[in-house]
Each structure stands twice: as C-alpha cells, then as structure tokens.
Amino acid sequence: MKHRFRVVEEQDCTVAVAIGAYLDCEHYVHLHRSIMTKLSIDKVEGRKVTWRQGLRWLGFLKITQTFVMEYFPPGHFKSYDMKAYPRWLPQFHHFVKTVMDVRYTKHPQRDATVMTFDCEMDMPFFLWPFRNVFQGIVEKMHHLKDQEDLDMIHRRDKFFGRGNINSYLAEGQFLLFKDDYVAHFAHEAQRAQPATAAELNA
Amino acid sequence: MSSSNFYPKPIPLDGLSPTALNVRAIGDSENPVDVVVVVDGGEYRIVRDLCPHMGAPLSQGKLCTEERKLSCPWHGYEFNLASGELMHNPNDEIYGCMKTLYKSFNPAKTPKYRLRVLPYEVRGGEIHVRRGVSS
C-alpha cells in the first residue's frame with residue numbers, strides 16, 4: 001500500500017546556493033550531527049552514490065541504512081533502494097520501501113528557491129495505520145536538516161553577500177558531482193562578491 | 001599606544017570559562033566583531049568567530065583543551081588553537097574515494113586554511129584585543 005506526501009517550501013536563497021549547499025557533502029555528518037551519526041560511501045557509479053548512513057530517529061533511536069542517491073543536474077536528487085545495515089537486523093526498511101525525491105527550482109516570482117520534497121512509502125497493510133506517524137518522523141527530520149542548511153546559507157549570505165557561490169566554485173573546494181555544478185552555475189560567479197571567509201579573517 | 005590599535009570593547013576576565021568556548025563581541029555597532037576566547041593555562045587564545053573555510057560560527061564548534069584543538073561545527077575541520085593551523089580534515093576519510101573524479105576539483109589548489117590568532121594585552125582585569133597582524 002503506497003502512502004505519498006509532498007512538502008513544498010520557499011527558501012530565501014538562490015537556486016545555485018541551495019544546490020551548492022546540498023552538494024557540499026563535507027558538512028553532512030557535522031552540521032547535521034543531531035540526526036546523522038555516521039556516514040561512509042560504499043560505491044560510486046557516475047551520478048549514483050551508495051551511502052551507508054547512521055541516523056538518529058526521534059533523537060534517540062539509532063539505525064544504520066544504505067541507500068542510493070542519484071543526481072539529475074542541476075537540481076534534482078533521488079534517494080532509493082534503502083536497506084537496513086546490517087541486512088539481518090530487523091528494521092523499518094524490511095517492511096517499508098521508501099523513495100525520496102528533492103528538487104530545487106527557481107521561484108517563478110521572486111529571487112528565491114522552491115524546494116519540493118516528495119516521499120513515497122510502500123508498506124504492508126498492518127503498518128498502514130501508522131503511515132502518518134512515519135510521515136511525521138520523516139517530515140520532522142527533513143525540516144530539521146533544511147533549517148540547519150538554511151541557517152548556514154543565511155550566515156554565509158550575511159558575510160559574503162547573497163548568492164555568493166565563489167567558495168563552492170573554487171578549485172580547491174570539493175563538492176559532489178562538482179563538474180555538473182560548475183557546468184550549470186559557474187556563470188553566477190560573476191555577480192557574486194569576492195569575499196571569502198579567509199579574507200574576512202585576515 | 002593608540003587606542004585605535006585595539007578593538008573598542010575589552011573582554012572582562014571575569015566570567016571566562018576555562019573549559020568552554022567563550023564568545024564575546026569586541027567591535028562596535030558599525031563594525032561588529034565576535035571572537036572566541038579560549039583559556040589556555042595562563043594565556044588566552046583569541047580567534048574570530050568565523051571559520052576561514054566557509055564562515056561557520058566557531059563558537060558552536062567543539063573544543064578539545066588537551067590537544068588545543070577547535071573543530072568547526074559545519075565541516076568538522078580541526079584547527080590548532082595555538083598556531084591557528086588546520087590540523088586535519090576528517091572528511092578526507094569519507095570522500096577520499098571521490099576526490100579524483102572531477103576535473104573541476106583540484107586538491108592541490110585547496111587554500112591553507114588558518115585561524116588568525118589575535119594578539120592581546122591584559123590590563124586592569126580585561127583583555128584588550130589588538131587589531132592587525134597576528135603574533
């Protein structure tokens with residue numbers, strides 16, 4: 001039985017910044033440490049990355065899962081094939097097949113980003129009564145992660161100017177799928193302010 | 001010594017925790033500057049509340065007093081508080097396998113991120129933080 005839900009949020013930042021922050025993977029396990037306990041990469045195939053990720057549900061319940069994240073440039077991320085790790089450990093993913101989809105698009109009227117999060121949970125009939133509980137947990141974790149990202153984005157906007165993606169584009173900065181990011185957004189470096197954190201510290 | 005060589009707001013020694021990251025405002029309304037003060041034995045380590053990598057608030061990072069190490073809350077970069085040098089990027093262990101995949105990423109071009117440890121003088125129970133070059 002499939003339960004689907006969607007969360008749509010307007011984010012006060014440019015699309016290039018929102019996607020840059022998403023691809024700036026070095027922050028995942030540090031900024032989001034309240035929900036993510038560990039992270040490693042099992043496999044990389046083109047724009048598909050298989051992650052092994054430790055999560056903290058509801059602040060206390062720790063689980064480890066593997067999943068594939070696939071990137072469709074410039075702003076579409078799909079997560080699927082979620083499995084328990086180790087496989088034999090009874091867990092949510094043995095019963096519920098989850099697919100998540102995140103898209104970042106330009107707001108049609110304003111200089112802002114529309115983030116669309118779609119989730120589909122395929123579950124057996126005996127878990128159907130709990131679908132709203134599962135939705136609540138996923139929404140809460142997603143919202144917390146988004147809020148932490150936005151706090152980071154807004155602080156960077158304050159110091160370096162709105163839309164400044166120069167540090168994401170810098171040759172020495174690692175991003176996931178960086179060639180795709182540079183191909184789509186390098187032209188936006190022109191309008192950004194040149195300040196970097198290192199310059200502000202000087 | 002001209003007072004313009006120092007930031008306008010001195011830091012009272014009272015209330016500085018020896019085990020925590022103490023964040024204090026030392027600028028004025030036109031040029032607000034926040035710093036992190038770490039008590040290190042009889043000395044103080046004072047750095048901008050701003051990670052030189054991406055601009056994170058270091059006051060929300062993790063302090064290891066034994067190793068004189070400060071970790072950035074956003075990316076986990078570990079800095080030596082005495083010298084300001086970047087000691088370790090813990091993400092290399094996670095993403096090392098991906099760091100040769102992209103033409104647009106050149107690790108040789110990664111800046112040598114460094115905290116600027118601010119010089120200071122202690123007078124009358126207050127720390128006066130000096131502007132200008134790090135000692």
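Can I get the semi-axes of the stretch A:1-60's equivalent ellipsoid? Compute them from the C-alpha gyration tensor as square roots of 5 times the eigenvalues, in angstrom, largest first.
Working: eigenvalues 86, 71, 54 Å².
Semi-axes from the Cα gyration tensor: 21, 19, 16 Å.
For the protein assembly as shown, restrict the atom set to alpha-carbon positions and state the Rg and Dmax in Å.
That works out to 22.1, 78 Å for Rg and Dmax.
With a 1.4 Å probe and all protein chains left in place, how much accessible area per residue does chain A have, in Å²? Before the final figure, lay out each step's value.
On the way: 9620 Å² over 202 residues.
The answer is 48 Å² per residue.
Ignoring ligands, DNA and RNA, what percent of the 1.4 Å accessible area of chain A is carbon and sulfur?
On the way: 5510 of 9620 Å².
Carbon and sulfur: 57 percent of the exposed surface of chain A.
Suppose we keep just the alpha-carbon trace of chain B; what are its Rg and Dmax in angstrom?
16.6, 57
Which pairs, out of A:Lys38/A:Lys158; A:Lys38/A:Lys140; A:Lys106/A:Lys158; B:Lys69/B:Lys103; A:Lys48/B:Lys103, put more than 26 Å between their alpha-carbon atoms?
From the list (A:Lys38/A:Lys158; A:Lys38/A:Lys140; A:Lys106/A:Lys158; B:Lys69/B:Lys103; A:Lys48/B:Lys103), the Cα-Cα distance tops 26 Å for A:Lys38/A:Lys158; B:Lys69/B:Lys103.
What's the long-distance tail for the stretch B:65-127, i.e. % of Cα pairs beyond 20 Å? Write out the running numbers ahead of the final one.
Working: 877 of 1953 pairs.
Beyond 20 Å sits 45 percent of the P(r) for the stretch B:65-127.
If N is the number of residues in the stretch B:28-92, what value comes out of its Cα radius of gyration divided by 2.2 N^0.38 Å?
Details: Rg = 12.0 Å, N = 65, 2.2 N^0.38 = 10.7 Å.
Compared with the compact-globule rule of thumb, the stretch B:28-92 sits at 1.12.
I'd like the distance between the alpha-carbon centres of the stretch A:152-178 and the stretch A:46-78, rounded to an integer number of Å.
22
Can you tell me, using C-alpha contacts under 8 Å and at least 6 residues apart, the relative contact order of the stretch A:46-202 as a whole percent?
Numbers: 191 pairs, mean separation 21.9, N = 157.
Value for the stretch A:46-202: 14 percent.
Quick one: 3J(HN,Hα) in Hz for the stretch A:141-149, Karplus 6.51/-1.76/1.60 with θ = phi - 60°, rounded, Gly and Pro as x.
Values per residue, Gly and Pro as x: 5, 5, 5, 4, 4, 4, 5, 5, 5 Hz.
Please report the carbon-and-sulfur percent of the accessible area for the stretch B:41-135; probe 1.4 Å, protein heavy atoms only, DNA, RNA and ligands left out. List each step's numbers first, then the result.
Working: 2170 of 4600 Å².
That share works out to 47 percent.
In deg cm²/dmol and to the nearest 500, what is the mean residue ellipticity at 222 nm of chain B if only DSSP H runs of at least 4 residues count, each as -39500 (n - 2.57), divided by the residue total?
Details: 1 runs with 4 residues, N = 135.
Helices in chain B give a 222 nm mean residue ellipticity of -500 deg cm²/dmol.
What's the buried accessible area, both sides, between A and B using a 1.4 Å probe, rounded to 100 Å²?
On the way: alone 11140 and 8350 Å², together 16460 Å².
The contact between B and A buries close to 3000 Å².
Given the stretch A:53-168, what whole percent of its Cα pairs are spread farther than 17 Å? Don't jump to the answer; show the numbers that get you there.
Numbers: 4424 of 6670 pairs.
Result: 66 percent of Cα pairs exceed 17 Å.
Taking every pair of distinct Cα atoms and averaging 1/r, then inverting, what Kirkwood hydrodynamic radius in Å comes out for chain A? Numbers along the way, then the final one.
On the way: mean 1/r = 0.0552 Å⁻¹.
This gives a value of 18.1 Å.
When averaged across all projection directions, what area in nm² does the alpha-carbon convex hull of the stretch A:32-117 cover?
Details: hull surface 28.0 nm².
Computed as one quarter of the Cα hull surface, the answer is 7.0 nm².
The values are calculated or read from the model by the stated rules, or taken from the named source; none is laboratory data. Because the structure is a prediction, the values reported are computed rather than measured. Ligands, DNA and RNA are stripped out before the accessible areas are found, and what is left, the full protein with its side chains, is counted by its heavy atoms. Shrake-Rupley method; radii C 1.70, N 1.55, O 1.52, S 1.80 Å.
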